[in-house]
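Report on the following structure.
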Amino acid sequence: MKKILFVSFCLLCFLSCKEKEATNKMDDTAKAELPAEVMYPVNPAPGNQKNVVTVMNWNKAIISGNVDDCAAYTADTMKITLADGFETKLARDSAVAFIKGWRSSMDSAKQTYVVVYAIDNVLDKTEWVMQWADESYFYKNGKNETLALHEVYKMDQGKISEVHQYAQAVPKK
């Protein structure tokens, strides 16, 4: 019995040391000196999955044409930066009206998620959601457009306060 306890104790100590060693390696990586200056320094941590749900519900409302529903997921003010360089900051109602104007030019739209995840910046306590998605827009004038999008959402108390969009046209097959 004493041998079993001794072996168990030694194994526990060994595993504890190994775990600490792995943690230290991560700390060393986090402290790595970057070879260039970064305008927005980040110390990332996994974010709140509820923020992912908020962003996906916001997108679902827009894609389905129920744009008024996206107001529930929008902060009091929203900064919008689109892929073409257009940038604006609007109150919630104005942001919804802006999106509604764009969405009303379409008969339908489709979105396919590639990846979406929540990430927090520990340094400034900001919460973000990043997503990659393919979106297709079917306009009333007969034009169709498919884009590969990378969108970054800043969250404020569980609501979307910023959207930054980067896009690439998808070649027609």
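The values are calculated or read from the model by the stated rules, or taken from the named source; none is laboratory data. Owing to the predicted nature of the structure, the values given are computational and were not obtained by experimental measurement. A quick note on method: Cβ atoms are made from the backbone with ideal geometry, for glycine too, and the neighbour counts reach across all protein chains shown.
Things worth noting here:
- All conditions in (1) modelled with pLDDT under 95; (2) assigned to a strand (DSSP E or B) hold for Leu123, with the sole exception of (2).
- Cβ pairs under 8 Å, 6+ apart, first in region 29-49 and in a loop (DSSP other than H, G, I, E, B), second surrounded by 10 or more Cβ atoms within 10 Å (Cβ to Cβ) and β-branched (Val, Ile, Thr): Asn43/Val122; Gly47/Ile119; Gly47/Val129
- Region 77-121, subset among the basic types (Lys, Arg) and in contact with a strand residue (DSSP E or B) (Cβ under 9 Å, 6 or more places away or on another chain), residue surrounded by the fewest Cβ atoms within 10 Å (Cβ to Cβ): Lys110
- Some residue of region 132-140 being surrounded by fewer than 17 Cβ atoms within 10 Å (Cβ to Cβ), outside any strand (DSSP E or B) and modelled with pLDDT of 95 or more: yes
- Leading residue by the ranking (nearest to Val163 (Cα to Cα)) among those in region 102-119 that are of a type outside the set (A, V, I, L, M, F, W, C) and in contact with a helix residue (DSSP H, G or I) (Cβ under 9 Å, 6 or more places away or on another chain): Tyr117
- Taking residues in region 124-150 that are over 22 Å from Asn43 (Cβ atoms), and partners anywhere that are of a type outside the set (D, E, K, R) and assigned to a loop (DSSP other than H, G, I, E, B), the pairs with Cβ atoms closer than 7 Å and at least 6 places apart or on different chains are Asp134/Val170; Tyr139/Ser105; Lys140/Ser105; Thr146/Val170; Leu147/Val170; Ala148/Val170.
- Yes/no for Val52 being more than 16 Å from Ala167 (Cβ to Cβ) and either modelled with pLDDT of 95 or more or crowded, with 17+ Cβ neighbours inside 10 Å (or both): yes
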